[in-house]
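The values are calculated or read from the model by the stated rules, or taken from the named source; none is laboratory data. As the structure is a prediction and not an experimental result, all values here were calculated from the model. Cβ placement follows ideal geometry from the backbone for every residue including glycine, while neighbour counts extend to all protein chains displayed. Each accessible area value is taken on the protein alone, full model and side chains, heavy atoms only, with ligands, DNA and RNA left out. Shrake-Rupley method; radii C 1.70, N 1.55, O 1.52, S 1.80 Å.
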Amino acid sequence: MYTPSDHHYFDSKEFKEKLYNYEQARQRGESVFIDADDIYDVANYYYEHGNIDRATEALDYGITFFPNSCLLLSFRTRIALLEENDLTKAQQLVNQITDREDLEYHYTQAEIWCYQSNFKRADKYLLALYATIDEDNTDDFCLDTCELFIDYSAINIAEKWLHRIKNKKTADYQELQANIEMEKGNYERSEKIYNELLDQNPFSSPYWNQLASSQFMHNHIHDSILSSEYSIAINPNDPEANFNKANGLFSLGNMSESLKFYKRFCQLEPNNERGEMMQGMTYVSMENYDEGIKHLKRAEQLAKDHLDTCEEIFQELVFALSHIGCLEEALTYIDKMNHLPNTDLNLLNVLRGHV
């Protein structure tokens, strides 16, 4: 499973050489003779930088050579769930895994149930597996399981798994604890833990980013911007740090400055719809509706199957289009929202009434 330490590896000479060789061979249409672990690293790099298409391409390429790789199939399953919203494809991929002893297989099967919001089944399944794990490995198992439930906002279950961890002094434990506190709205507690982690590792961009997120949700906007600036000082190319700073500036009404950092985020993650969406919202806030609509429509194209983001983009387009008198087009976006699952019908009625 992904951990923030991967970011340090992505900056290493070893990985950069691996990525270069892969990209050069693919551009020339040649086969790349690297193992499944290397393909996984390349795909993970693309994924963490918001390039879902290239991550998927790398995994699909790797699976042709390693059709039973638990590592590659598990990662590809997660993309099928989170990026493509294709449950059938996800189940087909996990069924291809032949090594049913690999823990990654079990995490992936449990994730499919989490995706379906069947958290009790996933919890029961992993709890039965936990009873069979060697005692030396139980803490790692609990950490990964806790992270899985946090990813799907099943915080009460995640907290139970966190309590099963025996060594509570590790940075991994503290980070998950801080994430849970933030999800529960205990921002002061979350920020205290992140500050303690930063005392131990002041050059960790992920810690600064998480601290900035907690401070932002705590409405400590100036502190959030400052934390983002520390992260940017460590790594100017950190997409999350640039996005967090832009959000802080946007909240303070500093639209022109926030736009600079949203643009920077888009340069770093050109396939991430959030950057285009926020640029669009910023331009609309500056009453530059034509430019705002242009970016919101780009965000629509990038969002694809990200249903939650699509709803937000459509809503913003309704307001922007209706403001400039494009009422028929605004109504088409209300119709699009109506086809999304779990859409609030009261919200649709309010939007339609507004138009």
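Which residue out of Asp223, Asp199 is more than 24 Å from Phe250 (Cα to Cα) and either in a helix (DSSP H, G or I) or in contact with a helix residue (DSSP H, G or I) (Cβ under 7 Å, 6 or more places away or on another chain) (or both)? Walk me through it before giving the result.
Details: Asp223 fails: more than 24 Å from Phe250 (Cα to Cα).
Just one listed residue meets the conditions, Asp199.
Out of Glu273, Glu311, Glu300, Glu257, I need the residue that is more than 21 Å from the chain's Cα centre (by Cα) and not basic (Lys, Arg). Which one? So that I can check it myself, show each step before the final result.
Values: Glu273 fails: more than 21 Å from the chain's Cα centre (by Cα); Glu311 fails: more than 21 Å from the chain's Cα centre (by Cα); Glu300 fails: more than 21 Å from the chain's Cα centre (by Cα).
Just a single option satisfies the conditions, and that option is Glu257.
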Original post:
Looking at Ala233, Ala241, which one is aliphatic (A, V, I, L, M) and buried (at least 24 other Cβ atoms within 10 Å of the Cβ)?
Top reply: Ala241
**OP:** Determine if the range 178-201 includes at least one residue that is open to solvent by 20 Å² or more (accessible area, probe 1.4 Å) and among the aromatic types (Phe, Trp, Tyr).
**Re:** yes
Original post:
Can you pull out the residues in the range 83-99 that are open to solvent by 50 Å² or more (accessible area, probe 1.4 Å) and modelled with pLDDT under 90?
Top reply: Glu84, Asn85
Original post:
Only one of (1) open to solvent by 50 Å² or more (accessible area, probe 1.4 Å); (2) within 22 Å of Tyr47 (Cβ to Cβ) fails for Leu72. Which number is that?
Top reply: (1)
**OP:** Confirm whether Thr3 is at pLDDT 80 or above and either outside any helix (DSSP H, G or I) or open to solvent by less than 30 Å² (accessible area, probe 1.4 Å) (or both).
**Re:** no
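Just to be sure I understand, how many residues within the range 330-341 are in contact (Cβ under 8 Å) with a residue 12 or more places away in the chain and under 28 Å from Ile52 (Cβ atoms)?
As a first pass, look at the range 330-341 and keep what is in contact (Cβ under 8 Å) with a residue 12 or more places away in the chain: 330-331, 333-334, 336-337, 340-341.
Checking the rest, the ones that are also under 28 Å from Ile52 (Cβ atoms) come to 333-334, 336-337, 340-341.
Summing the residues that are in contact (Cβ under 8 Å) with a residue 12 or more places away in the chain and under 28 Å from Ile52 (Cβ atoms) in the range 330-341 gives 6.
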**OP:** Answer yes or no: is there a residue in the range 343-353 that is touching a residue at least 12 places away in the same chain (Cβ under 8 Å), under 19 Å from Met255 (Cβ atoms) and surrounded by fewer than 21 Cβ atoms within 10 Å (Cβ to Cβ).
**Re:** no
Original post:
Can you name the residue in the range 252-262 that is open to solvent by 50 Å² or more (accessible area, probe 1.4 Å) and touching a helix residue (DSSP H, G or I) at 6+ places or on another chain (Cβ under 7 Å) and, of all such residues, is nearest to Asp223 (Cα to Cα)?
Top reply: Leu252
Original post:
Which pairs have Cβ atoms under 6 Å, sit 6 or more apart or on different chains, and link a residue in the range 119-143 that is more than 19 Å from Asn167 (Cα to Cα) to one that is outside any helix (DSSP H, G or I) and not aromatic (Phe, Trp, Tyr)?
Top reply: Phe119/Ala154
Subject >> Selection within the range 270-320 - assigned to a loop (DSSP other than H, G, I, E, B) and either free of Cβ contacts under 8 Å to residues at least 24 places away in the same chain or surrounded by fewer than 21 Cβ atoms within 10 Å (Cβ to Cβ) (or both) >> reply: Pro270, Asn271, Met286, Glu287, Asn288, Lys304, Asp305, His306
**OP:** Just give me the residues in the range 321-355 being in a helix (DSSP H, G or I), within 27 Å of the chain's Cα centre (by Cα) and among the β-branched types (Val, Ile, Thr), in sequence order.
**Re:** Ile334
**OP:** Could you please let me know if Asn137 is of a type outside the set (Val, Ile, Thr), more than 20 Å from the chain's Cα centre (by Cα), surrounded by fewer than 13 Cβ atoms within 10 Å (Cβ to Cβ) and in a helix (DSSP H, G or I)?
**Re:** yes
